1. What number goes with the only condition from (1) under 13 Å from the mean Cα position of the chain (by Cα); (2) assigned to a helix (DSSP H, G or I); (3) modelled with pLDDT of 95 or more that L21 does not pass?
2. Filter region 1-28 for residues that are in contact (Cβ under 8 Å) with a residue 24 or more places away in the chain, surrounded by fewer than 17 Cβ atoms within 10 Å (Cβ to Cβ) and aliphatic (A, V, I, L, M) and give the result.
Amino acid sequence: MSNIIIADDNRDHIQCLKDLLTLEGHKVEAAFDGEEAINIIREYVRNNIQIDLVITDMNMPKADGLVVAAAAKKAGAKRIIINSSYHAEIPPMKGVSIIDKINILKEIGEF
């Protein structure tokens, strides 16, 4: 079982990913804006829980995907994915994958 955090302001997208990952036996936490995702990440750190994967949208209220990815990286997340349809506009960040929304199911299917 892996500990996964998904951050996206699109509730349908989160539910699809959460359903798939939960069926595969993973523990999934959902955040509907960047600030909520950062709070979940901080809670994991406080409780000494390993974060195996963070999937974050780029454009969200309260904090964007770059801020969430930076918080996840600082927390020691094993894998970080910025999941966005506008990946050409996202600056590269060491240790962070940028995956187009259309390809995320394939990517997490290999997780």
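The values are calculated or read from the model by the stated rules, or taken from the named source; none is laboratory data. Keep in mind it's a predicted model, so treat the numbers as computed, not measured. Reconstructed Cβ throughout: ideal geometry from the backbone, glycine too, with neighbour counts over all protein chains shown.
1. Unmet for L21, out of (1) under 13 Å from the mean Cα position of the chain (by Cα); (2) assigned to a helix (DSSP H, G or I); (3) modelled with pLDDT of 95 or more: (3).
2. M1, L20
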